[in-house]
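For reference, the structure discussed in these notes is given below.
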Amino acid sequence: MGHELETSTRKVILSMLKTQGSLTVHELSKQLGITEMAVRRHINTLEKENLIESKLVRQAMGRPTNMYSLTALSDELFPKKYMQLTMDLLGELLEDEGHEKIDHLFVRRQEKLESRYQTRMKAKSLEGRVAELATIQNENGYMVEWTQTGKGEFMLSEHNCPITQVANTFQQACKCELALFQNLLNAHVERTECLAKGGTKCVYMISQNK
């Protein structure tokens, strides 16, 4: 119970800094109704987690005091509606320009991703390229695992899809991801399971080009 209370208090502190801007320990203590010592304990934890930062500010009277504010990292803790915005914009584009424009948009995205990651594949074996692709996808939040299933054959599984809502409506996303993998790996890639089509994960079977 005590741990839950401490976690709750830290969430309140983050919310106060989000809505009110920079605050001192004294101001936080007064609003929270707890001692400054207790506030400092929470502040220390949040600083270690890189969620808040302090800045020494000189005052008209008295000693300089620390003002605490949120870091860029803490912004991820607050609700976002990016995906809904994306869906709305794609829906408007589909209505105004049709399926061809949507297809073109996803192909352009695929080409840019290829250009961005192609250098990371250079001078690597197929196994090395699969490992690098898994690293890239993990960096982007796909929760990837991969394993060698035979000589020159591999299985790559994505347990999370950060763009599930988009992929559920616009199958171009899945089509372009498959093409991206084929081009980056320079290999034969087959998708055998897909999150957007009711699967529990996205599974890719990879083998040398014949």
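The values are calculated or read from the model by the stated rules, or taken from the named source; none is laboratory data. Nothing here was measured: the structure is a model prediction, and the numbers come from that model. Virtual Cβ from ideal backbone geometry, glycine too; neighbours counted across all protein chains shown.
For the reader, a short list of remarks on this structure follows.
- Scan segment 137-168 for residues that are β-branched (Val, Ile, Thr) and free of Cβ contacts under 8 Å to residues at least 40 places away in the same chain and the total you get is 3.
- Applying the set (1) under 30 Å from Val130 (Cα atoms); (2) among the basic types (Lys, Arg); (3) touching a residue at least 40 places away in the same chain (Cβ under 8 Å) to Lys18 leaves exactly one unmet item: (1).
- Verdict on Thr86 being outside the structural domain of Leu17 (by TED's automatic domain parsing), touching a helix residue (DSSP H, G or I) at 6+ places or on another chain (Cβ under 8 Å) and β-branched (Val, Ile, Thr): yes
- Count of segment 115-153 residues which are assigned to a loop (DSSP other than H, G, I, E, B) and either within 16 Å of Cys202 (Cα to Cα) or not assigned by TED's automatic domain parsing to the domain that holds Gly198 (or both): 4
- Among residues of segment 102-132 being more than 29 Å from Leu89 (Cα to Cα) and of a type in the set (A, V, I, L, M), the one that is surrounded by the most Cβ atoms within 10 Å (Cβ to Cβ) is Val130.
- Here is the figure for segment 189-199: residues that are under 20 Å from the mean Cα position of the chain (by Cα) and either free of Cβ contacts under 8 Å to residues at least 12 places away in the same chain or assigned to a strand (DSSP E or B) (or both) total 0.
- Residues located in segment 72-83, provided they are modelled with pLDDT of 85 or more and in contact with a helix residue (DSSP H, G or I) (Cβ under 9 Å, 6 or more places away or on another chain): Ser74
- Scope segment 147-164; condition buried (at least 16 other Cβ atoms within 10 Å of the Cβ) and under 21 Å from the mean Cα position of the chain (by Cα); matching residues: Leu156, Ser157, Glu158, Cys161, Ile163
- In this structure, Leu184 does not satisfy being outside any helix (DSSP H, G or I) and either buried (at least 17 other Cβ atoms within 10 Å of the Cβ) or in contact with a Pro (Cβ under 9 Å, 6 or more places away or on another chain) (or both).
- Being out of contact with any strand residue (DSSP E or B) (no Cβ under 8 Å at 6 or more places or on another chain) and either part of a loop (DSSP other than H, G, I, E, B) or not hydroxyl-bearing (Ser, Thr, Tyr) (or both) is a description that does not apply to Glu53.
- Tyr204 being part of a strand (DSSP E or B) and aromatic (Phe, Trp, Tyr): yes
- Some residue of segment 154-170 being among the hydroxyl-bearing types (Ser, Thr, Tyr), part of a strand (DSSP E or B) and either under 26 Å from Tyr82 (Cβ atoms) or not assigned by TED's automatic domain parsing to the domain that holds Glu100 (or both): yes
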